[in-house]
Amino acid sequence: MPLPSAAEAAVVERLVRLDVIYNVTALVLLLTGLARVVWGIKGMSWYVSQPLSHVKVTLFVVMVLLSIWP
């Protein structure tokens, strides 16, 4: 049984709001990570020399690329 058009519109509006929240959260995460690398106590050289940091950034980039395609 298909949903009425009003219900479909409400679902689409909720999904759009959820997508905006997801994108804003990802942006805040990215900016706080960059601020930590640039102005953090350990400094940029420590983060660049750590392999785990490279893995984290790579996974973040993969997640961003996967979220672009619906």
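The values are calculated or read from the model by the stated rules, or taken from the named source; none is laboratory data. Since we're looking at a predicted model, the values are computed, not measured. Please note: Cβ atoms are built from the backbone with ideal geometry, for glycine as well, and neighbour counts cover all protein chains shown. Ligands, DNA and RNA are excluded from the accessible area calculation, which covers all protein heavy atoms including side chains. Shrake-Rupley method; radii C 1.70, N 1.55, O 1.52, S 1.80 Å.
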Name the pairs: first residue in the range 19-30 and over 19 Å from residue 69 (Cβ atoms) and in contact (Cβ under 8 Å) with a residue 24 or more places away in the chain, second residue among the charged types (D, E, K, R) and in a helix (DSSP H, G or I), Cβ to Cβ under 7 Å, at least 6 apart or on different chains?
none
Within the range 1-60, track down each residue that is open to solvent by less than 90 Å² (accessible area, probe 1.4 Å) and outside any helix (DSSP H, G or I).
4, 40, 43, 50
